[in-house]
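Note sheet for the following structure.
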Amino acid sequence: MLEYIESRDMDGLLFYIVVRICITLVCWFFAVCSCLVDFWSGTTTAKALGEPLQSYGFRRTITKIGDYWRVLIFALMFDILGAFLSFYVLPFSTILCCIAIICIEGKSVIENSSRKKAH
């Protein structure tokens, strides 16, 4: 990013910033979607097992999204600082945190699926 600032290439700087913002927003969207898929999986499993649906699961999902949001904001701060380094070409921290969130929620979906099939 410093190269664009030093050369006063505003088009290049704008493109650099927009690409990173888009990658970050896509990662945040995927993180929230993975939580919603886990919620969906949990509710269908509860229905299949004949368990009553309670608002606890919904509250837990909202809390989980808030927790993940805070982690992703810390990753964003790291990525913003890394943007000033020439070798830090993508928001790696946000991408890695998003992959971790998707893996955690994917594991939960698999566990719900196995619970449903075991019944």
Inset, instruction - Tell me, yes or no, whether the stretch 74-84 has at least one residue that is in a loop (DSSP other than H, G, I, E, B) and either surrounded by fewer than 13 Cβ atoms within 10 Å (Cβ to Cβ) or of a type in the set (Gly, Ala, Ser) (or both). - result: yes
Inset, instruction - Looking at (1) in contact with a Lys or Arg (Cβ under 8 Å, 6 or more places away or on another chain); (2) open to solvent by 50 Å² or more (accessible area, probe 1.4 Å); (3) in contact (Cβ under 8 Å) with a residue 12 or more places away in the chain, find the lone condition where Leu53 falls short. - result: (3)
Inset, instruction - For the stretch 109-117, indicate whether the set of residues that are within 23 Å of the chain's Cα centre (by Cα), surrounded by 15 or more Cβ atoms within 10 Å (Cβ to Cβ) and modelled with pLDDT of 90 or more is non-empty. - result: yes
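Quick test for you: out of Ile17, Ile99, Ile23, Ile62, pick the one residue that is of a type in the set (A, V, I, L, M, F, W, C), under 19 Å from the mean Cα position of the chain (by Cα), over 30 Å from Ala118 (Cβ atoms) and in a helix (DSSP H, G or I).
Ile23 is the lone residue from the list that is of a type in the set (A, V, I, L, M, F, W, C), under 19 Å from the mean Cα position of the chain (by Cα), over 30 Å from Ala118 (Cβ atoms) and in a helix (DSSP H, G or I).
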Inset, instruction - Among the candidates Thr94, Thr44, single out the residue that is touching a residue at least 24 places away in the same chain (Cβ under 8 Å) and surrounded by fewer than 16 Cβ atoms within 10 Å (Cβ to Cβ). - result: Thr44
Inset, instruction - Could you tell me which residue of the stretch 97-108 is surrounded by the fewest Cβ atoms within 10 Å (Cβ to Cβ), considering only residues that are small (Gly, Ala, Ser) and in contact (Cβ under 8 Å) with a residue 24 or more places away in the chain? - result: Gly106
Inset, instruction - Mind counting the residues in the stretch 60-72 that are at pLDDT below 90 and open to solvent by 70 Å² or more (accessible area, probe 1.4 Å)? - result: 1
Inset, instruction - Determine whether Gly57 is part of a helix (DSSP H, G or I), over 18 Å from Asn112 (Cβ atoms) and of a type in the set (Gly, Ala, Ser). - result: no
Inset, instruction - Scan (1) open to solvent by 60 Å² or more (accessible area, probe 1.4 Å); (2) out of contact with any helix residue (DSSP H, G or I) (no Cβ under 6 Å at 6 or more places or on another chain) for the single condition Phe39 breaks and write down its number. - result: (2)
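The values are calculated or read from the model by the stated rules, or taken from the named source; none is laboratory data. Nothing here was measured: the structure is a model prediction, and the numbers come from that model. Reconstructed Cβ throughout: ideal geometry from the backbone, glycine too, with neighbour counts over all protein chains shown. SASA here: full protein model, heavy atoms, side chains in, ligands and nucleic acids out. Shrake-Rupley method; radii C 1.70, N 1.55, O 1.52, S 1.80 Å.
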